[in-house]
Amino acid sequence: MEEENVELNLQSYIAIFECLGRVNIKNNHLKDIRIFVKDALSKDITFDKIMNEGTFLNNEREIVLQAMNSFDPNYVPKYDEPQILYNNHLVNHLNNEKLKPSVSKCKVNDGVFNSKNLKESVNKQIELEKGGYITVKSIELRDAPSQEVTRNRETLEEHYKMWEDAALAAFNRDLSTLTAQRSALNLEPYMRCIPVKDYVAIIVDEAKKLAQGSETYSPTVNMLNRDMGSKIMKIHGTYCDEYAACHTELDVLPNKEVNLNPRQIWQWVEHGVFANGATLSMDHQEWFPTTLQNIGKFLYHIVMHDLKVDVNSLRPTTSHKNYLPAFYTIFRTQGRIVKEEVKPHPVLSRLYRESAPETLTFPAYELPMVCPPVPWVSPHIGGYLVSPCDVVRLPYQAIAQQQRLVEVGDQQLYPSLDSLNQLAAVPWKVNQKVFDVILEVFNNGGSANLDVPEPPSSLLPPPLPTNDMDKAQKYQLFRQKLQYKRKKAEMYSLWCDCLYRLSLANHVSLS
């Protein structure tokens, strides 16, 4: 860092003191500790500032404190109380500086949760988010699978297994090539930040999603690359493996009325366990959009060039295997812009349709939680327990808006965050009677009057062409066919959206 003229910051000194603290047996590295303590103090980085503002993982806080105590045996950290009051003239009259935390351990509670099932729900939610995806049963009524459907399902499973093996081999091959290269943007650290099995799972899941894609629409290649990179970043941000185990008091329920809102309670509880274990308010640096794009491009190269489909798989009488790329790119013209899109091979699309899948897969961070969410205490802390969550959904290029959220200060945002926390604190459940009625209407063909989408098969096709048609009639029929295809695609999109929502509602009501 000195050679590159990189200035040491607070987190740098934490790393230095941690290293020295681990090897400082019988004060044999006390001289080095004194040198860096003097350097830190010259930059106005005191021990208390390090302990209050630093980010610690696992037992780093204890090791750093040991290094500090070897320099000053009488040093005891002084932790700052959290800023829980508003700093906004519209709501400052609601401040009450006399309010102090009143959260006590309680074994019995007659509300929605008690201490036992709350802890179980927290652990269950963490496992769901660490898994990344949740598979739910589709509510679409289907006949018993025929022999052909069963065979297609087995063929599809064989392809999935083949893709896993191909993706693993291709990832190791491309990673070796990447290691041998040297460029301005080195992707190797990003390609090693999570286990290889997770990369393989993401590649196969992305291929499954593409295979289910619409015939008339596909996201652009740039969007797919960026989304793939975002998935890697979110898995890398899953940092709370020991969240519930290390901080057992986070699931404590009050046994009397509390005059603090969820955000204030969370801040006080966090302050109470601040001196022990890892930092709850983790500070993860967002990856740059260009980095996400290049990560996705690296992984999509495997999807496009190494995942194959047997084009003879739908011919049961043919034993010859003919493997071709499972995905290819096309170019669509939208006005003056030509966009590159990814499409599945027609055989793969047909194989997926004729396998009549009975389940649907959703990202865990898009589903309702099984426990209360973490109260929002800042634009970056709150929502899901493990998965990253944005308090405001902004496009990647909205740098100015994201910076404004940071610059405005947390206390200015407390009124908005408290309103959001109040909504999140109210549990909900599916109205079973209304759900049963909608489900019955949906599976009986839908209803335009009840705003329940109808299946695309209910749309009447245009008439067939005849030999006695003139040029104007043929042109009119051509326009009708275009309108029919567009309308059918719209109906299918709405029908799928309703299917997903009803399947999720059914999953939530049964769990």
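Summary of values
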{"quantity": "From the options GLY296, GLY335, residue that is within 26 Å of the chain's Cα centre (by Cα) and small (Gly, Ala, Ser)", "calculated": "GLY296"}
{"quantity": "Single residue of PRO368, PRO379 found to be free of Cβ contacts under 8 Å to residues at least 60 places away in the same chain and closer than 30 Å to PRO415 by Cα", "calculated": "PRO379"}
{"quantity": "Test: residue in segment 320-343 that is charged (D, E, K, R) and surrounded by 16 or more Cβ atoms within 10 Å (Cβ to Cβ)", "calculated": "yes"}
{"quantity": "Criterion (surrounded by fewer than 19 Cβ atoms within 10 Å (Cβ to Cβ) and either among the aromatic types (Phe, Trp, Tyr) or in contact with a Cys (Cβ under 6 Å, 6 or more places away or on another chain) (or both)) met by exactly one of TYR190, TYR133", "calculated": "TYR133"}
{"quantity": "Scope segment 151-178; condition of a type in the set (Val, Ile, Thr) and surrounded by 13 or more Cβ atoms within 10 Å (Cβ to Cβ); matching residues", "calculated": "THR155"}
{"quantity": "Unmet requirement for VAL434, which otherwise passes all of (1) more than 29 Å from PRO372 (Cβ to Cβ); (2) in a helix (DSSP H, G or I); (3) modelled with pLDDT of 90 or more", "calculated": "(1)"}
{"quantity": "Residue within segment 273-284 that is among the aromatic types (Phe, Trp, Tyr) and not in a helix (DSSP H, G or I) present", "calculated": "yes"}
{"quantity": "Any hit, segment 8-26, residues being surrounded by 11 or more Cβ atoms within 10 Å (Cβ to Cβ) and at pLDDT below 85", "calculated": "yes"}
{"quantity": "Residue match in segment 458-473 (condition: exposed (fewer than 11 other Cβ atoms within 10 Å of the Cβ) and part of a helix (DSSP H, G or I))", "calculated": "yes"}
{"quantity": "Filter pass, ARG332 being without any contact (Cβ under 8 Å) to a residue 24 or more places away in the chain and basic (Lys, Arg)", "calculated": "yes"}
{"quantity": "Test result for VAL309, part of a helix (DSSP H, G or I) and within 16 Å of TYR160 (Cα to Cα)", "calculated": "no"}
{"quantity": "Filter pass, LEU417 being over 34 Å from the mean Cα position of the chain (by Cα) and hydrophobic (A, V, I, L, M, F, W, C)", "calculated": "no"}
{"quantity": "Residue that is modelled with the lowest pLDDT [pool: residues in segment 453-511 that are touching a helix residue (DSSP H, G or I) at 6+ places or on another chain (Cβ under 9 Å), charged (D, E, K, R) and under 30 Å from GLN432 (Cα atoms)]", "calculated": "GLU490"}
{"quantity": "Positions within segment 262-296 being under 30 Å from ASN225 (Cα atoms), modelled with pLDDT under 80 and of a type outside the set (Ser, Thr, Tyr), in sequence order", "calculated": "MET282, ASP283, HIS284, GLN285, GLU286"}
{"quantity": "Residue within segment 64-83 that is assigned to a helix (DSSP H, G or I) and touching a Pro at 6+ places or on another chain (Cβ under 9 Å) present", "calculated": "yes"}
{"quantity": "Candidates ASN421, ASN506 - the one that is surrounded by 13 or more Cβ atoms within 10 Å (Cβ to Cβ), closer than 30 Å to ASN88 by Cα and touching a residue at least 12 places away in the same chain (Cβ under 8 Å)", "calculated": "ASN421"}
{"quantity": "Those residues of segment 14-50 which are part of a helix (DSSP H, G or I), among the β-branched types (Val, Ile, Thr) and closer than 16 Å to PRO77 by Cα, in sequence order", "calculated": "ILE14, VAL37, ILE50"}
{"quantity": "Breaking point among (1) in contact with a Lys or Arg (Cβ under 8 Å, 6 or more places away or on another chain); (2) not in a helix (DSSP H, G or I), for GLN293", "calculated": "(2)"}
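For every residue, the table says whether it meets (1) of a type in the set (Ser, Thr, Tyr); (2) assigned to a loop (DSSP other than H, G, I, E, B); (3) at pLDDT 85 or above.
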| residue | (1), (2), (3) |
| --- | --- |
| LEU314 | no, yes, yes |
| VAL342 | no, no, yes |
| LEU348 | no, no, yes |
| VAL386 | no, yes, no |
| GLN397 | no, yes, no |
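The values are calculated or read from the model by the stated rules, or taken from the named source; none is laboratory data. Here the structure is a predicted model, which is why all the values come from computation and not from measurement. FYI the Cβ positions are ideal-geometry reconstructions off the backbone, even for glycines, and counts take in every protein chain you see.
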